[in-house]
Amino acid sequence: MEIGYVRVSSEGQKTDRQLAELNLPAECLYVDRTSGKDVNRPELQNMLKALRPGDVLHIHSLDRLARNLKDLMSILDKLTEKGVEVRFHKENLAFTGDKQNPMSRLMLQIFGALAEWERSLIRERQAEGIRAAKRKGKPMGRPTTVTEDQRERVREALRKDMLYNIARLSRETGVPATTCRYIRKKMQEQETEVAR
């Protein structure tokens, strides 16, 4: 049976390019709309369970299956040991349980390592951009919806009782529970610092 696996990182991204490349009917496709950073993807897991010996798995490119070389090799080994042929269309690579083709395996490892390296470069550039924006004083993260007056009401309640129930405090002040916990943590850190 011919099966296709498609992955995009988010709901908003389009699968058209990958689907056109694979050219398989919808009932033969497994589509994940989630990051490829790990293998705990629902459709990937469903596909791995459904594949049988003799099936052919079509994937647009290596990075659609896995983002790091370790996961890529692990998934590929499981599939080929099961008797599944795996074809990567973009790289024009095919893998079977046949250990007689060391060149294909070498190419897979090279392409996989390059994809992993590229991902680390993207993360590095992203971190550099964030640091540069912080140096320029640009606000980072989601804008706060909590006023300073609300924060002060939380601090006041916590000054009276540091073990105040967070859910109750959140209801009474209109401040999200995560913010109440954060304020309490900061107050406790300040008390510890003063005690030293």
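The values are calculated or read from the model by the stated rules, or taken from the named source; none is laboratory data. These numbers come from a predicted model, not from an experiment. Note that each Cβ is placed from the backbone with ideal geometry, even for glycine, and that neighbours are counted across all protein chains shown.
Is it true that HIS58 is surrounded by 19 or more Cβ atoms within 10 Å (Cβ to Cβ) and in the same structural domain as GLU11 (by TED's automatic domain parsing)?
Here the answer is yes, as HIS58 does meet what is asked.
What residue, among those in segment 1-43 that are in contact with a Lys or Arg (Cβ under 9 Å, 6 or more places away or on another chain) and within 20 Å of GLY97 (Cα to Cα), is surrounded by the most Cβ atoms within 10 Å (Cβ to Cβ)?
By that ranking, first place goes to TYR5.
Among the strands (runs of 3 or more DSSP E) confined wholly to segment 38-135, which include 1 or more residues that are farther than 20 Å from SER9 by Cβ and in contact (Cβ under 8 Å) with a residue 40 or more places away in the chain?
Of the strands (runs of 3 or more DSSP E) lying wholly inside segment 38-135, those with at least 1 residues that are farther than 20 Å from SER9 by Cβ and in contact (Cβ under 8 Å) with a residue 40 or more places away in the chain span 56-59.
Assuming SER10 fulfils every condition listed in (1) closer than 13 Å to LEU57 by Cα; (2) under 14 Å from the mean Cα position of the chain (by Cα); (3) among the hydroxyl-bearing types (Ser, Thr, Tyr) apart from one, which condition is it?
The failed condition is (1).
Hey, among VAL194, VAL175, which residue is of a type in the set (Val, Ile, Thr) and either loosely packed, with under 12 Cβ neighbours inside 10 Å or in contact with a strand residue (DSSP E or B) (Cβ under 7 Å, 6 or more places away or on another chain) (or both)?
Of VAL194, VAL175, the one residue that is of a type in the set (Val, Ile, Thr) and either loosely packed, with under 12 Cβ neighbours inside 10 Å or in contact with a strand residue (DSSP E or B) (Cβ under 7 Å, 6 or more places away or on another chain) (or both) is VAL194.
Would you tally the residues in segment 17-32 being more than 14 Å from MET47 (Cα to Cα) and either part of a strand (DSSP E or B) or in contact (Cβ under 8 Å) with a residue 40 or more places away in the chain (or both)?
4
For the structure I just gave you, tell me whether THR145 is polar (S, T, N, Q) and within 24 Å of PRO53 (Cβ to Cβ).
Judged against the criteria, THR145 is not a match.
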